[in-house]
Each structure stands twice: as C-alpha cells, then as structure tokens.
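As structure tokens, the structure follows; a few thoughts come after it.
The values are calculated or read from the model by the stated rules, or taken from the named source; none is laboratory data. What you are looking at is a predicted structure, and each value in this text was computed from that prediction instead of being measured. Here the Cβ positions follow ideal geometry from the backbone for every residue, glycine too, while neighbour counts run over all protein chains shown. SASA here: full protein model, heavy atoms, side chains in, ligands and nucleic acids out. Shrake-Rupley method; radii C 1.70, N 1.55, O 1.52, S 1.80 Å.
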Amino acid sequence: MTQRVALATVLDRLAIDAVITGYAVAVDDGAWSDYGALFTPDGRADYRGAGGVEGPAAEIARWLEETMRLFPVRQHLIVNRRIDLEDLGGYTGDRAEVRADYLNPMGLARKAASGSGGAPGQADSGQPGGATPDFVTGGRYTFELRRAEAGWLIHTVTVHEKWRRTPDA
C-alpha cells in the first residue's frame, strides 16, 4: 500500500465516520431533511429490530418525525465503530460496512408541573440541568454505505436492539 492509498483510506474512514455522526445528530435534533440527505436515492432504513418499521429513507424520515414526538429529549451515542472498506486489491472501493454499538437515552414528553419551570411538552425531571431519561435502549447498527459523487452516503441502516429499559421496568 502506497502512502497515497493509505491517505485515501484514512480520508474515507473520516468521511464515513462523519456520516455516522451526522445520522445520530439528525435523529437527535429532529433534522429530518438532514437525515434524508445522508442516504443514497434508493437508501433504506430498517428499524424492525427495535419494534419499528422498514422502508425507503424518505418514508422512514416521516415515520421517525411522528414517532420521535413522544421523546423530545434524545441523545444517540454511537460507539465501537468498525469500518470495513471494500478492498480492491489494496485499494479502497466504493462500498463500506459499519457495525457500531449504540446507547440511546430518551425522555418522554409530558406536561410540565406548575412551578417546575419546564416548557409544556418537555421532559422534566425537576433536576437542574435537564431530564432523567425515561426510556433507554442499546444495541447495534449495521450501516452499508456507498461512495457517491457528493461523498459517502448510507445505502442501508439496520437496527439490532439488544436491550431496553422503560418507565415500567
């Protein structure tokens, strides 16, 4: 592997990492147009492994927008990212797979108690600095990415939930 190929590989890995981070930020911030822009035109998302739905990214963005209204406070932590780049005889190709673990604490929407200082509909723990999560899940994402003219994009994402803690637990 030449230094030029090694540098291109590092740049690909950094670009892919930025896409995965962008995915988490878009979901957490409710930036659904940003979410859609992370996918190839034929991109798909599969949330069935966490009790959700599967389909084209544009349809999933609309489903997430509706579903995530239940959780106005959410924060994806995507860690242990394993990036496997397509190997074309020592050169990286135009495909990649990322397996990454996630932890996703979320706060349920609720009416703020009078005098609590929270806005209506916000999760409110009564504690300074924010809400205690009501719902926490953990699992693994599998992303398949493709290199496009604009850079790396998600072709598919699949969620494999391993555990969850709910308010009733």
Exactly one condition in (1) modelled with pLDDT under 95; (2) on the phi > 0 side of the Ramachandran plot is false for residue 111; which is it? (2)
Consider region 73-93. How many of its residues are touching a strand residue (DSSP E or B) at 6+ places or on another chain (Cβ under 7 Å) and not in a strand (DSSP E or B)? 2
Residues of region 1-57 satisfying the condition of being within 19 Å of residue 93 (Cβ to Cβ) and among the basic types (Lys, Arg): 4, 13
Restricting attention to region 5-15, does a residue exist that is in contact (Cβ under 8 Å) with a residue 40 or more places away in the chain, open to solvent by less than 70 Å² (accessible area, probe 1.4 Å), of a type in the set (Gly, Ala, Ser) and not in a helix (DSSP H, G or I)? no
Is region 35-42 home to any residue that is among the β-branched types (Val, Ile, Thr), touching a strand residue (DSSP E or B) at 6+ places or on another chain (Cβ under 7 Å) and farther than 16 Å from residue 153 by Cα? no
Tell me which residues, restricted to region 37-72, are open to solvent by less than 60 Å² (accessible area, probe 1.4 Å) and in a strand (DSSP E or B). 39, 40, 43, 45, 46, 55, 56
Quick one: residue 75 ticks every box in (1) open to solvent by 70 Å² or more (accessible area, probe 1.4 Å); (2) touching a residue at least 24 places away in the same chain (Cβ under 8 Å); (3) of a type outside the set (Val, Ile, Thr); (4) at positive phi bar one, so which box is it? (4)
Number of the condition not met by residue 33 [criteria: (1) assigned to a strand (DSSP E or B); (2) of a type in the set (Ser, Thr, Tyr); (3) open to solvent by 70 Å² or more (accessible area, probe 1.4 Å)]: (1)
